[in-house]
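The values are calculated or read from the model by the stated rules, or taken from the named source; none is laboratory data. Predicted model only: the values in this text are computed from it and were never measured. As a convention, Cβ positions derive from the backbone with ideal geometry for all residues, glycine included, and neighbour counts pool all protein chains shown.
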Amino acid sequence: MKAALKSEFVILSTFMPAFAVILVPVCAIMALAMGNCIPAVACVSAMVPMISMFSLTSYDDQNGWKRYRASLPFSRRDVIAARYGSILLASLIAAACATMLGIALNAILPSFVHEFETMPTTEVAAGSLFATFSVVIMVAIGEPFLIKFGATKGVRYFMCFAVLFFCICLAMLKQTFDPMLLHNLDTWADAHLSLLFVSLTVVSLALFALSCAISTTIYQRKDL
């Protein structure tokens, strides 16, 4: 497991520095344009899990790496566990880095933009983690498609599923739309942010673990 996880991080290290060079100025520009750093930090944190998932799967299909890895002394269970573990760890590290970047922007940008709103550190960290765990749910849904069908077909099926799910949710929302209900939900959410954050964390990690189990079953039966 440790060796498989190390190999995943070696792959991540080949392209994550380039993404970091792009994401840091993007975060600064977004914070400058929006007047505070939380949306920018959340955007950066949300991008990393998806970037990691798609990039690792694309690497599997390059240069026969998938078949070569199958010849290494890794069990298939370890390969999948390492894939999920690397995505989750990379996402949490990115969330921590994004939080530190947000704190730095809070200290620097008010000197240049008088309208810039400095945010408490706890809110910056919460926004970063909230975005991370929200996208972790999407990764949990998408990763079994990529394990089953590979990068090209997997992305197609995942996007079709995502669009279908969005349309169903939109149709249900349209049928049950009630402005007063939405207002009450918004009021309740504002009063119970801590509960929502803990619930999102627990649900996202539970779905992530379930997705890992599903992907392990798929991978063990897959002909490489």
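Tabulated values for the structure
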{"item": "Criterion (farther than 22 Å from residue 208 by Cβ and either among the small types (Gly, Ala, Ser) or assigned to a helix (DSSP H, G or I) (or both)) met by exactly one of 23, 72, 5", "result": "23"}
{"item": "Residue within the stretch 155-172 that is part of a loop (DSSP other than H, G, I, E, B) and out of contact with any helix residue (DSSP H, G or I) (no Cβ under 6 Å at 6 or more places or on another chain) present", "result": "no"}
{"item": "Contacts under 9 angstrom Cβ, first residue in the stretch 200-212 being in a helix (DSSP H, G or I), partner among the charged types (D, E, K, R), 6 or more apart", "result": "208/143; 211/143; 212/83; 212/143"}
{"item": "Among the residues listed as 105, 12, 92, the single one being among the aliphatic types (A, V, I, L, M) and under 14 Å from the mean Cα position of the chain (by Cα)", "result": "92"}
{"item": "Test set (1) more than 21 Å from residue 219 (Cβ to Cβ); (2) buried (at least 18 other Cβ atoms within 10 Å of the Cβ) - residue 123 fails condition number", "result": "(2)"}
{"item": "So residue 91, is it in a helix (DSSP H, G or I) and buried (at least 22 other Cβ atoms within 10 Å of the Cβ)", "result": "yes"}
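Yes or no, residue by residue, for (1) in a helix (DSSP H, G or I); (2) more than 17 Å from residue 12 (Cβ to Cβ); (3) at pLDDT 90 or above:
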{"site": "95", "(1), (2), (3)": "yes, no, yes"}
{"site": "104", "(1), (2), (3)": "yes, yes, yes"}
{"site": "110", "(1), (2), (3)": "yes, yes, no"}
{"site": "116", "(1), (2), (3)": "no, yes, no"}
{"site": "122", "(1), (2), (3)": "yes, yes, no"}
